[in-house]
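The values are calculated or read from the model by the stated rules, or taken from the named source; none is laboratory data. Computed from a predicted model, the values in this text were never measured in an experiment. Ideal geometry is used to build each Cβ from the backbone, glycine not excepted, and the neighbour counts take in all protein chains shown.
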Amino acid sequence: MESNGGSTSRRASAERIRKAIALVNSVADEAGDEEITPTEIAEAIRDCLELSEVDLVPNVRRYLGEALDAVSDGMPADFVAMTLYAAQSMPPPHRVHRLTGGARMVIEPMPERHSASVVLMFAGGSRLEDERLAGVSHFIEHLYFKGTKRRPSSKEIADAIEGVGGFINASTDKELTAYWARVPSEHMELGLDVLFDIVANSRLDPADVERERMVILEELRMYQDQPQDYVQNLFEELIWPDHPLRRDIAGTQESVSRLNREDILEYADAHYRLPNLVIGAAGSLDEGKTLVEVRRGLSLRPGLDGALSAPSPAPLTRPRVLVRRRETEQAHICLGARALSYLHPDRHALDILNTVLGEGMSSRLFLNIRERLGLAYDVHSFTQKHRDTGYIGVYIGVDPKKAVDAVNAVMGELRSLSESEVAPEELARAKEFTKGRLRLELETTNGVAFWLTYQELLLGGIKTIEEELALVDAVTSSDVKRVADDVLNAPLQMAVIGPFARDSAFRLAIGA
């Protein structure tokens, strides 16, 4: 089944190409096979090329480029028109297929690449876990690489993919778990086979459970010894109190210590079901053959649609500060507020706000807090979005003696964004930054496979890159100010790690 890709931007692209064809045909009617003058037609083709949607379909850009070259070379009008017709008739870049049992597959052929990537993405993640099972999703992800009946050890799993020069890995998030492989395109079938094997046939050997338990406990201790990471965990405890989102994805020392093999088997059986799965594939691949291999190799159990749900966090009513005293050389501070979900219509305005505030070396935080005031070496902002909530945060790594001054300076930047609109030049820079980063993320087959799979699983439909870029371009200065006013005037939360005995100065700084 083809995806719902027919967007306004795609229609605009097709309309521009049709107008260029009509223009060329009108010239052909008048000039027959004579050479044509390039100016007006070249402008029409460049107008088509300005629509960046063609970046997602490389052959469209190629045909338009060939048409432009033909005009420059003085080729006959009918030759130019035929080249434009080829551009007009290119199929959509990706297709969504419904598989037996409720799973979905998204495929985007990228014939110009030398690799192919496949992602198995399951709805779920740590926010679905109760206190007793905290960390079980992450535990399962680790265990699935320890061996199957066909490949009894982690070495044999790794050797299968690395033996052809490929990569295999997995990750657990708060709302999903993903397993992926990137291989030379001629080994796509192998990549699928190994991934299906580990998610459907893992042995979950009792000895592996105990060994991996020790590894995860060490992982938790490691993060607690890294204050720049640990302070974000503390910040999330403030942002989402009494909610599963507050917890580390890996769980807690207590929960990981008590999880047993039966807990793991039961949880995996309940969540690794076909309706919870989206498969994404991108690269130099044969769509029909890939579908045959998927239907043949997929052996998970069916389940009920909508079985996975989790309550939304309760509203925050007041600002709070949490200081964790440690005799560190540097203070580590994370402050911010609840923000928007990945489904909210203003999410792109939030992205622009974040870029202006603290993304990169041209952001306000970097230029003012680090370069102008010299208060901190590392200062940046970031966002996290979930189905029904999210946040915007600022991290500061600072000399403890300058910590309060740095927080006050950040508060000044937050007030500025909520009190006045971003200047047109700064808005334009932030948009280009945001769009450029998205384009760079989609340079690889792995990036495209994740992009498609994530959207289909969590957003319920796929936007083309052009549609996404158009939404970024549509953000106005007033949109950014409105979101800044809503978000940054919400109850602020702040976590601090450093050699501080009291929190009163930090409370005063954020009005807690």
Regarding R482, is this residue in a loop (DSSP other than H, G, I, E, B) and under 30 Å from P315 (Cβ atoms)? no
Condition first: in a strand (DSSP E or B) and more than 15 Å from L265 (Cα to Cα). Now tell me which residues in the stretch 140-170 satisfy that. F167, I168, N169, A170
Checking S381 against (1) of a type outside the set (D, E, K, R); (2) in a helix (DSSP H, G or I); (3) surrounded by 20 or more Cβ atoms within 10 Å (Cβ to Cβ), only one condition comes out false. Which one? (2)
Select from the stretch 266-286 the residues that are surrounded by 14 or more Cβ atoms within 10 Å (Cβ to Cβ), part of a helix (DSSP H, G or I) and not aromatic (F, W, Y) and list them in ascending order. A268, A270, H271, L274, P275, N276
Of the residues that make up the stretch 122-139, is at least one part of a loop (DSSP other than H, G, I, E, B), surrounded by fewer than 21 Cβ atoms within 10 Å (Cβ to Cβ), in contact with a Pro (Cβ under 8 Å, 6 or more places away or on another chain) and not polar (S, T, N, Q)? yes
Residue by residue through the stretch 371-410, note down the ones that are aliphatic (A, V, I, L, M) and either at pLDDT below 95 or at positive phi (or both). L373, L375, A376
Give the stretch 189-209 a look and list any residue that's of a type in the set (V, I, T) and either closer than 15 Å to L300 by Cβ or outside the structural domain of I264 (by TED's automatic domain parsing) (or both), or say none. I198, V199
Consider L353 carefully, then state whether it is in a helix (DSSP H, G or I), touching a Ser or Thr at 6+ places or on another chain (Cβ under 7 Å) and crowded, with 16+ Cβ neighbours inside 10 Å. no
What tally of residues in the stretch 303-324 results from selecting those that are modelled with pLDDT of 95 or more, touching a Phe, Trp or Tyr at 6+ places or on another chain (Cβ under 9 Å) and not aliphatic (A, V, I, L, M)? 1
I'd like the full set of residues that are among the aliphatic types (A, V, I, L, M) and surrounded by 19 or more Cβ atoms within 10 Å (Cβ to Cβ), limited to the stretch 166-203. I168, A170, L176, A178, A181, V183, M188, L192, V194, L195, I198, V199
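Is one or more of the residues making up the stretch 274-290 among the hydroxyl-bearing types (S, T, Y) and modelled with pLDDT under 90?
no
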Among the numbered conditions (1) touching a helix residue (DSSP H, G or I) at 6+ places or on another chain (Cβ under 8 Å); (2) surrounded by 21 or more Cβ atoms within 10 Å (Cβ to Cβ), tell me where A423 comes up short. (2)
Can you pull out every residue in the stretch 147-165 that is without any contact (Cβ under 8 Å) to a residue 40 or more places away in the chain and buried (at least 20 other Cβ atoms within 10 Å of the Cβ)? A160, I161
Would you confirm whether or not the stretch 234-247 contains a residue that is of a type outside the set (K, R), exposed (fewer than 14 other Cβ atoms within 10 Å of the Cβ) and over 26 Å from Y391 (Cβ atoms)? no
Out of the stretch 190-212, which residues are in contact with a helix residue (DSSP H, G or I) (Cβ under 8 Å, 6 or more places away or on another chain), over 19 Å from L277 (Cα atoms) and assigned to a helix (DSSP H, G or I)? L190, P206, D208, V209, E212
Unique match (being at pLDDT below 95 and over 26 Å from L452 (Cα atoms)) among D130, D55: D130
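Per-residue answers, yes or no, for (1) of a type outside the set (S, T, N, Q); (2) without any contact (Cβ under 8 Å) to a residue 60 or more places away in the chain; (3) closer than 29 Å to I157 by Cβ:
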residue	(1), (2), (3)
P206	yes, yes, yes
L220	yes, yes, yes
D225	yes, yes, no
Q228	no, no, no
Y267	yes, no, yes
Out of V119, V136, I need the residue that is assigned by TED's automatic domain parsing to the domain that holds D269, within 26 Å of G288 (Cβ to Cβ) and of a type in the set (V, I, T). Which one? V119
